[in-house]
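Below: the structure, in structure tokens.
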Amino acid sequence: MSEEKSEMSLVKKIFVFALLSGFLIMGILSMKRAMPEPKEERIYKAIKVYSPYKLEKRMGGLEILNTQTDEKEKPSNAEVLHRLDELDKEWAKEHLSVEGNDLVITTNDDETVKILIETPKERAFIKSFFGI
């Protein structure tokens, strides 16, 4: 009888440990999936000045404002940063180009702005994130 209790106690301990481990792993994976892609800060900040998409606070979280059309998009809080990245990538296909060591931004007013690409890491970021 004591062997059965010992076995049941061991099974219960293993079950509880496995259950806690499973929830911990699922939580870490969902947090990792919700994180936006890493960005090269200097280049991204310089491009963001010319992007028409801005984040705006609202009562329930964040919304994306298109400053050209004043349209507001309200994705879920878990998806808002991913959606902002998608919109920035679409905008970049039309307005960004790389010429030598310069990133050329063409604004809607047909004005061009050049940003010097200083490091290979910045060039790799532009290629991987924006696909240019």
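Quick notes on this one:
- Across the accessible surface of the chain, with the other protein chains kept in place and a 1.4 Å probe, carbon and sulfur atoms take up 59 percent.
- Mean residue ellipticity at 222 nm, helices only, the chain: -16000 deg cm²/dmol; runs of at least 4 DSSP H residues each add -39,500 (n - 2.57), and the sum is divided by the number of residues.
- Classified by the C-alpha gyration tensor, region 16-132 has an oblate form. Its axis ratio a/c, with a ≥ b ≥ c, is 1.5 or above, and a/b does not exceed b/c.
- The residues of region 1-130 have, on average, 74 Å² of accessible surface per residue, using a 1.4 Å probe with all protein chains present.
- In sequence order, region 107-114 has phi-based couplings of 7, 5, 8, 6, 8, 10, 10, 10 Hz under the Karplus curve 6.51 cos²θ - 1.76 cosθ + 1.60, θ = phi - 60°, and Gly or Pro positions carry x.
- Measuring with a 1.4 angstrom probe and ignoring ligands and nucleic acids, residue 109 comes out at about 130 Å² accessible.
- Centroid-to-centroid, using Cα positions, region 1-50 and region 81-132 are 34 Å apart.
The values are calculated or read from the model by the stated rules, or taken from the named source; none is laboratory data. Everything numeric here is computed off the predicted structure, so don't read it as measured data. Only protein heavy atoms, including side chains, enter the accessible area calculation; ligands, DNA and RNA are left aside. Shrake-Rupley method; radii C 1.70, N 1.55, O 1.52, S 1.80 Å.
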